[in-house]
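Single-structure report; data block below.
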Amino acid sequence: MRCACGQKNPPEARFCMACGRALGVLLSAERRFVSVVFFDLVGSSQRFREGLEAAYQALQGVLEEAARIAREHGGFVHRFLGDGVLVLFGAPRARGREPWRALEAALGMVRASPLPARVGVASGEVLWTPLGDGQAGDPTALGPPVVLAERLSKLGRPGEVLTDRLTLELARGARGEAVGPLEARGLGPVEAYRLLEVRLELDPEGEALLARLRHTFRAPPARLNLVGPPGSGKSLLLDRFLEDPPFPAVVLERMGPETPLRVTLLEAVEKAFGSPEVLLAQAGLPPKLETAWRYSLGLLPRPSWSREALEGAILEAWRRVLLSLKAPLLLVLKDLHAPDLTLERLLLHPFPNLLLLLESRRPLFSPHLGLKRGEVPLLLALQPALDALPSRERQALLAWGVLGEVPEEALTGLVGAFSRERLFREGLLEGNRPLEEVGEAALRLVPAETQRAWHLEAARLYQKRGQLLPMARHLHRAGEGRQAALTLRLLAQKAWREGHPEEAIPLYQEALRADPALEEALKPELQDALASLGLALEAEAGPRREDPVLTAFREAKDPLDLLPLLPGLRPYPLEEAKARLQAAGALWRRFQPLKALEVLTPFPPQAPKSLLLHRRSLEAGLLMDLGRHAEAEALLLEAEPGDLEAQVRHQATRIRLLLETGRLQEALAEGEAAYRKAPHPWLAAALLTAWAVRGRFREDLFQEALKHKDGRGLALLAMAHHRWLRGENPMSLLKEALKEARRLANPYVHHLTLTSLALYLWPRAPKKAQVLSQHLLYQTHRTGFAVHLEVARLLRAQLLLEAGEKVEHLLGFTPSLPLTRAWKAALLGEEPEGLQGYGMLGRWVRQLWRSRGITWIWSRW
């Protein structure tokens, strides 16, 4: 590619190798962090007294020398302005260490000038863009540091360099003295410092790293990979180390697209050994390897070999050359972020007299020393990394940083084909997106209009794909707030209709941010979405008030009337959860546990936590009714957050689980702890039942349990058992408990009471007991209460055994609990086991076996 200055550059070059201009620039304007040097001759107008030609010759020589010194330090000579020179460090290309380079160049320029000269230096962000219509001329740096540098140059005395505070702070080690606030034309008072000297200085952490480098490279062989993100100070550390290297050093500067490997290698070899022939003489390469080696230095045209053969020959040639080194040599490879593959393979070989120090953003070999990003301005840290990329890759990375996570198709649509692999090898990607700091830099660097155009293009791509959410977000970032907000509203309404108000809420909030003018339309919908999760009150004029399903929900008299409403309640998790709990509870009270369990599924996971905990307790109770205690226990292992009623119900259900599975001591311990924390009537009823199984009656718990509608039946049943245990007649209490169970339709209390009544009547009125057992057997078989069906089978079998009848048809089932397993064993004439945790119930089964077991065995024979 040929530059405007006439220099012909390699096709992969991004900057002109002669003048430094950017080649193939894709951005019409961009922000850059620069250090500006303004060189000014003092009293140059007096030269015109000697004649125009003489004055021209004198000024030309001085300005050309100043420009040469600036370029020598990496500066870009931007303009010759009369008797001055404007130099930029950081535009159009950044090389790193811009503040140091600028100050060093400034001192060099005034000291070398034969005519009185002064320099102003300032740093900061500028806009790098063509003036006029954007196409008319070369790019120009526009911004405060350009103006400040020019003003400082006019305020200095001949031979002085005045700099601003920022440049002095960034160039750690540079020393200056304050000259007080100076009045600058158009700027007012400005802080200024007279530059005294420029040194490279590290902070304490950097000095510690430097000491480690010196220790590592105290003797050959040695190798170390210096690794860190852009702006971590790797180059500063290397430059400080190279001020006093432990051995003769060869430094290979960055081998980027504009500086091919062959050029870099040749310069390094000539600098270290004077001539390539010196190395060839001591290596003694055979002709083929010598040809390959000379080609690698750009001294011969490419041989007509295959790529694999050529790369292999180059690798072997360099391996032999480095093995032939007679004395220790320190090889420093700077900015080796995307190394040539042949070079990367060569670095893996050990060489006895070679000390290898390599700088990269990602580890290339071990051992490596990691550095963290330092406290420097973002663009100053990132510019060297961005500027070293080929144009397409740089543009793609900037677009990626601006747009965030987008398909690669979007990036290629904006900039054309690019190498993602190159960006990865450069250490500028993290997973499937640019480094966070790269994204931040892109947002600063790319002009707002370009960002807007990119976002609009991304929005069009997502629209074609039917992906409306990313489309809306790109529209918002492109400034199309109304269109973005309307799209987000449609997405929110769709999510809400499908039963996900929790997804709709952030979409509504995002829509409000995109276009606050739509607040009147969006806010009631947002409030109603929150209300559907129990997080806000219903809006007075929102969509909930207009939904007939919610109206029917509020007006329903019978919980079973809610069943046909469930599909329509999906957008309202709060109401759906309440409806499912109410309907399931009603079905259970109507002796339909299986249907009740079905109604609980699916249960809206977005429901308030108290309702979720209530659902777990209810589901666990239903599973126990169905003999599925292991599943029930999984639901009751830990209590989720919830209100007092939900927490109490959860604990009471767990006490029931522990009692039915033979863990009486655990039930008492957990129940007492929970009751001390929350003395609730329902918890009192559950704990009273546990103490009754233990064989003890607690009056305090009895009185408290009577306050709960379902607790009253359990309390009466516990008192009946207490009387029975003391030899008193419990019939009145059992009948009252049965009456309570029927009044409230409580199947649990109903079945327990019937079983207790039949057992009490067994020795006293056998026929009545048999009638009750038959009724219990029929009802539990019909309704599906599995545990109570097991009890009914055993009770019926026991009564029939007493009458001398066959019972095998009643005992052909697998018990689900240790208690029913032991009871069945006793009826089969086997000694019951596993009753240790059942209290008085366990003692009753054992007593039953001891007193009646032999009789039943004989009757079976």
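For the reader, a short list of remarks on this structure follows.
- Test result for Leu285, of a type in the set (A, V, I, L, M, F, W, C), over 45 Å from the mean Cα position of the chain (by Cα) and open to solvent by less than 60 Å² (accessible area, probe 1.4 Å): yes
- If only residues of the range 57-70 that are over 14 Å from Gly84 (Cβ atoms) and either within 59 Å of the chain's Cα centre (by Cα) or modelled with pLDDT under 75 (or both) are counted, the one that is most open to solvent (accessible area, probe 1.4 Å) is Arg68.
- Any pair with Cβ under 7 angstrom, 6 or more apart, that starts in the range 149-169 at a residue that is within 16 Å of Val34 (Cβ to Cβ) and ends at one that is open to solvent by 20 Å² or more (accessible area, probe 1.4 Å) and part of a helix (DSSP H, G or I): Asp164/Leu148
- Residues of the range 749-782 that are closer than 21 Å to Leu618 by Cβ and either assigned by the TED database to the domain that holds Leu801 or open to solvent by 40 Å² or more (accessible area, probe 1.4 Å) (or both): Leu752, Thr780.
- Restricting attention to the range 585-610, the residues that are free of Cβ contacts under 8 Å to residues at least 60 places away in the same chain, of a type in the set (A, V, I, L, M, F, W, C) and more than 30 Å from Leu776 (Cα to Cα) total 1.
- Output for the range 522-551, where each listed residue is part of a helix (DSSP H, G or I), of a type in the set (A, V, I, L, M) and open to solvent by less than 40 Å² (accessible area, probe 1.4 Å): Leu522, Leu526, Ala529, Ala531, Val549, Leu550
Condition check ((1) crowded, with 21+ Cβ neighbours inside 10 Å; (2) modelled with pLDDT of 95 or more; (3) out of contact with any Leu (no Cβ under 7 Å at 6 or more places or on another chain)) across all residues:
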{"position": "Gln467", "(1), (2), (3)": "no, yes, yes"}
{"position": "Ala478", "(1), (2), (3)": "no, yes, no"}
{"position": "Ala484", "(1), (2), (3)": "yes, yes, no"}
{"position": "Leu488", "(1), (2), (3)": "yes, yes, no"}
{"position": "Ala504", "(1), (2), (3)": "yes, yes, yes"}
{"position": "Leu512", "(1), (2), (3)": "no, yes, no"}
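- In the range 285-298, the residue that is nearest to Ala327 (Cα to Cα) out of those that are assigned to a loop (DSSP other than H, G, I, E, B) and modelled with pLDDT of 90 or more is Leu285.
- Matching residues in the range 767-817 - criterion: being of a type in the set (A, V, I, L, M) and closer than 21 Å to Arg589 by Cα: Leu772, Leu776, Leu777, Ala786, Val787, Leu789, Val791, Ala792
- Glu830 falls short on exactly one of the conditions (1) assigned to a helix (DSSP H, G or I); (2) open to solvent by 30 Å² or more (accessible area, probe 1.4 Å); (3) not hydrophobic (A, V, I, L, M, F, W, C), and that condition is (1).
- The lone exception for Leu210 - which of (1) open to solvent by 60 Å² or more (accessible area, probe 1.4 Å); (2) touching a residue at least 24 places away in the same chain (Cβ under 8 Å); (3) not in a loop (DSSP other than H, G, I, E, B) it fails: (1)
- Between Arg452, Arg420, Arg489, Arg473, the distinction of being of a type outside the set (Asp, Glu) and touching a strand residue (DSSP E or B) at 6+ places or on another chain (Cβ under 8 Å) belongs to Arg420 only.
- Any hit, the range 300-313, residues being in the same structural domain as Pro246 (by the TED database), crowded, with 17+ Cβ neighbours inside 10 Å, of a type outside the set (D, E, K, R) and closer than 18 Å to Glu270 by Cβ: no
- Residue in the range 532-576 that is nearest to the chain's Cα centre (by Cα), counting only those that are touching a residue at least 60 places away in the same chain (Cβ under 8 Å) and in the same structural domain as Glu502 (by the TED database): Leu533
- Within the set Ala674, Ala652, Ala646, the sole residue that is more than 19 Å from Gly585 (Cβ to Cβ), buried (at least 20 other Cβ atoms within 10 Å of the Cβ) and under 41 Å from the mean Cα position of the chain (by Cα) turns out to be Ala674.
- Test for Ala91: is it under 40 Å from the mean Cα position of the chain (by Cα) and either crowded, with 19+ Cβ neighbours inside 10 Å or in contact (Cβ under 8 Å) with a residue 60 or more places away in the chain (or both): yes
- First in the range 502-531 and closer than 13 Å to Gly481 by Cα, second anywhere and outside any helix (DSSP H, G or I), Cβ under 9 Å, 6 or more apart: Ala514/Glu480
- Of all residues in the range 288-299, those being farther than 28 Å from Pro328 by Cβ and open to solvent by 50 Å² or more (accessible area, probe 1.4 Å) number 1.
- Checking Leu623 against (1) in a loop (DSSP other than H, G, I, E, B); (2) open to solvent by less than 20 Å² (accessible area, probe 1.4 Å), the condition it does not meet: (1)
- Criterion (farther than 30 Å from Ala634 by Cβ and crowded, with 17+ Cβ neighbours inside 10 Å) met by exactly one of His708, His680, His721: His721
- Look at (1) closer than 21 Å to Arg157 by Cα; (2) part of a strand (DSSP E or B); (3) at pLDDT 95 or above and you find that Asp40 fails only one, number (3).
- Test result for Val250, in contact (Cβ under 8 Å) with a residue 40 or more places away in the chain and in contact with a strand residue (DSSP E or B) (Cβ under 7 Å, 6 or more places away or on another chain): yes
- On inspection, Pro221 qualifies as open to solvent by 20 Å² or more (accessible area, probe 1.4 Å), closer than 29 Å to Ala327 by Cβ, modelled with pLDDT under 95 and in the same structural domain as Ala249 (by the TED database).
- Residue match in the range 238-250 (condition: open to solvent by less than 40 Å² (accessible area, probe 1.4 Å) and either at pLDDT below 90 or not assigned by the TED database to the domain that holds Leu354 (or both)): yes
- Members of the range 783-799 that are open to solvent by less than 10 Å² (accessible area, probe 1.4 Å) and more than 17 Å from Leu622 (Cα to Cα): Ala792, Leu794, Leu795, Ala797, Gln798, Leu799
Yes/no per residue for (1) more than 19 Å from Leu612 (Cα to Cα); (2) touching a residue at least 12 places away in the same chain (Cβ under 8 Å); (3) in a loop (DSSP other than H, G, I, E, B):
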residue	(1), (2), (3)
Ala639	no, yes, yes
Glu645	no, yes, no
His650	no, yes, no
Leu659	yes, yes, no
Tyr675	yes, yes, no
Ala685	yes, yes, no
Trp691	yes, yes, no
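- Single residue of Leu612, Leu635 found to be crowded, with 17+ Cβ neighbours inside 10 Å, in contact with a Leu (Cβ under 8 Å, 6 or more places away or on another chain) and in a helix (DSSP H, G or I): Leu635
The values are calculated or read from the model by the stated rules, or taken from the named source; none is laboratory data. None of these values were measured; they are calculated from a predicted model. Cβ coordinates were reconstructed from backbone atoms using ideal geometry, including for glycine residues, and neighbour counts include every protein chain displayed. These area figures cover heavy atoms from the full protein model, side chains too; ligands, DNA and RNA do not enter into them. Shrake-Rupley method; radii C 1.70, N 1.55, O 1.52, S 1.80 Å.
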